[in-house]
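The values are calculated or read from the model by the stated rules, or taken from the named source; none is laboratory data. Quick caveat: nothing in here was measured; it's all calculated off a predicted structure. For neighbour counting, all protein chains shown are included, and Cβ atoms are generated from backbone atoms with ideal geometry for every residue, glycine included. Quick note on the areas: whole protein, heavy atoms, side chains included, nothing else; ligands and nucleic acids left out. Shrake-Rupley method; radii C 1.70, N 1.55, O 1.52, S 1.80 Å.
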Amino acid sequence: MQSSHWDAIVIGTGFGGSSVALQLARAGIRVLVLEAGPWVDRDDSAWDPIAIQVDQKYKGASPYEVDERWGRKTVYPDDVVGGKSVFYGAASFRLREEDFDPALRFADAPPNAAHMKWPFGYGELEPFYGEAESLIGVAGVAGADPTEPPRADGYRTAPPPYGSSARVLAGAATSLGLQPFPMPLAINFGGADPSRDACRMCMTCDLFACKICAKNDLAVTLLPRAMDLGAVIRDRTVAKRLVTRGGRTHGVEVIDLRTGNESTLTCDVCIVSCGAIPSAKLLLFSGLDQIEPNGRVIGKNLMRHCSGIAIGFFPFQTNPERQFHKQFALTDFYFGNAGRAPSGPWGMLQALQTPPPEIVRANAPYPWPVGMVGERTVPYHAYLLVVAEDLPNQANRIELHPTELDKLNLPVARVFHRYHKRDLAARRALFREAARILRKAGALVRLRMPIHTYSHAMGTARFGPDPAQAVLDPWCRFYGLANLFVVDGSFFPSSGSVNPSLTIAANGLRVGKHIVSEWDQLAATSEP
């Protein structure tokens, strides 16, 4: 097998990996970024719901098996350069100050409270939040969010005015005494970046790649910057196993999906950022669970938020102009509602873009008659997303399947997850508030649909100051391996109730800066 040596290898092109790669490239470090998926096609297929969501054009080679209410099923995640940012809805929130310490949010300590506290406070991340917002291009209105944490600078650009659907729902919320505000979104509104097309306010944003590159995903923002500075992106390359010995990571065994060939790439520093589920699988398959004292924690404490969709059916078309309308959010209940159960934080509400009829039909929990009715009444729908915290629990975990292999002859990851009763109580409380808003806006029928995906997966290699209870130290370095870092959502010790992408990016910039500052010590090795 052929070998090739790099200063640093980053595995994964999501928010953490892209941020670290940019910091290393800025410092002149030779960095190779590996990605299992291809560059996404910016053609008509990008906005085709059948191609993208139903036929799953970018279906990855390595599935995972999840346990759901009606049994276990196999899930194939999408793999592309830019990771989940290519298909996400662009919501870009900061964690609240209180999210860093459960004692500030819970009157009664929840399970695992001792290990939910972050090893630093919000102030440590604030400058990196600002840098991430600027690099990615987040449009928002500083100070509009009533629970927004302190910020040194405002947003560079503002989002556009609300469309008709957002106006109706935000107006209903306001009439109920709530404080809706423009959602911070990583979208190139109004041509803030003149090198790319401005957003056309179309209906194919959330769940889709952007054909015109107006969504500020990482494949059009951070990664091109890193490449201009010398970083190399190797797509369609799967990291099979980490090569470790003597307390260091020496390389990565990889599979070239174009040829099927396997090889080993060596490096001075390795950064893992595959996503909370595939990263845990990689660490386990590499035998790192045998490293004491922290190996036994790998894969445990999986979180994904306790989320759901409140659907309103209206007697009028909610979005007659058929334009983008995922435009506002509410955090009035982020820390709960005094005197109402459950005590402590509930979470947030967000406007959610109404999906195309094809996706409604494909994802209806009961295809007949609910799927048919849902598909035919889409113009009369309005959706609100509820996002409640998912408390960490060691029983929620990733394991390697003992017998089932994927087409690359690698073990399939098995995912086990159950919500704590408090998570479910918070989601029910948010569902009730969402229903109030929909009813006030004129919805005749209101439905609840829990979300079962792992798009917000976090926590499977959490960081902390105690190596007996955390996989990573406060700089996201693996306890026991001097030059291995994990920078995707795996590091979260608690989930908060906001989309994790911006926090992952901010922490990636923070960790990348640290790696650069400590490079001589980190890259020192006793072996070639």
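Projecting label points 7 angstrom from Cα along Cα→Cβ for residue 444 and residue 56 puts them 3.7 nm apart. The angle between the Cα long axis of helix 501-517 and the main principal axis of the chain comes to about 20°, on a 0 to 90 degree scale. Once percent of Cα pairs over 46 Å apart is calculated for the structure shown, the corresponding label among (i) 14; (ii) 8; (iii) 29 turns out to be (ii).
Could you pull out the longest piece of the chain with no exposed loop GluC sites (Glu not before Pro) in it, calling a site exposed if DSSP puts it outside H, G, I, E, B and it has at most 14 other Cβ atoms within 10 Å? No qualifying site falls inside 1-320, the longest such stretch. For residue 240, the lysines whose Cα falls under 28 Å of its own Cα, not counting residues fewer than eight places away in the same chain, are 57, 59, 73, 84, 281, 300, 407, 513. Annotation: extensible slack from residue 103 through residue 432 equals 115.8 nm (criterion: 0.36 nm per residue apart, minus Cα-Cα distance). Summarising the label geometry, the points placed 7 Å from Cα in the beta-carbon direction at residue 65 and residue 358 lie 3.1 nm from one another. Roughly how far apart, in whole Å, are the Cα centres of the stretch 437-451 and the stretch 1-40? First find each Cα centre; the distance between them is then 44 Å. Using only Cα atoms, find the angle between the long axis of helix 421-441 and the longest principal axis of the chain, and express it within 0 to 90 degrees, rounded to the nearest 10. It works out to around 40 degrees.
DSSP loop (so not H, G, I, E, B), at most 15 other Cβ within 10 Å: list which chymotrypsin sites (Phe, Trp or Tyr not before Pro) in the stretch 46-131 pass both filters. Here the chymotrypsin sites (Phe, Trp or Tyr not before Pro) that fit, given the DSSP loop and packing criteria, are 70, 120. Highest mean packing first, where packing is the average number of other Cβ atoms within 10 Å per residue, the peptides 407-417, 276-286 line up as 276-286, 407-417. The calculated FRET efficiency for residue 258 paired with residue 407, based on their beta-carbon distance and R0 = 25 Å, is about 0.95. Accessible surface of the chain, 1.4 Å probe: 53 percent of it comes from carbon and sulfur atoms. Averaged over its residues, the chain has an accessible area of 38 Å² per residue, based on protein heavy atoms and a 1.4 Å probe. Angle of helix 164-175 to the longest C-alpha principal axis of the chain, folded into 0 to 90 degrees and rounded to 10: 80°. Dipole of the chain (Lys/Arg Cβ +1, Asp/Glu Cβ -1, origin at the Cα centre): which of 327, 309, 405 lies farthest to the positive side? So the residue we want is 309. Look at the alpha carbon pairs under 8 Å that are at least 6 residues apart: their mean separation over the length of the chain gives a relative contact order of 24 percent.
Sequentially through the stretch 319-336, phi angles give Karplus couplings (6.51, -1.76, 1.60; θ = phi - 60°) of 9, x, 7, 6, 10, 3, 9, 7, 10, 9, 9, 9, 10, 4, 10, 4, 9, x Hz, Gly and Pro residues having no value and appearing as x. Model label sites at residue 44 and residue 296, defined 7 Å from Cα along the beta-carbon direction, differ in position by 5.9 nm.
In this structure the amide hydrogen of residue 6, modeled in the peptide plane, comes within under 5 Å of the amide hydrogens of 266, 267, 268, none closer than 5 places in sequence on its chain.
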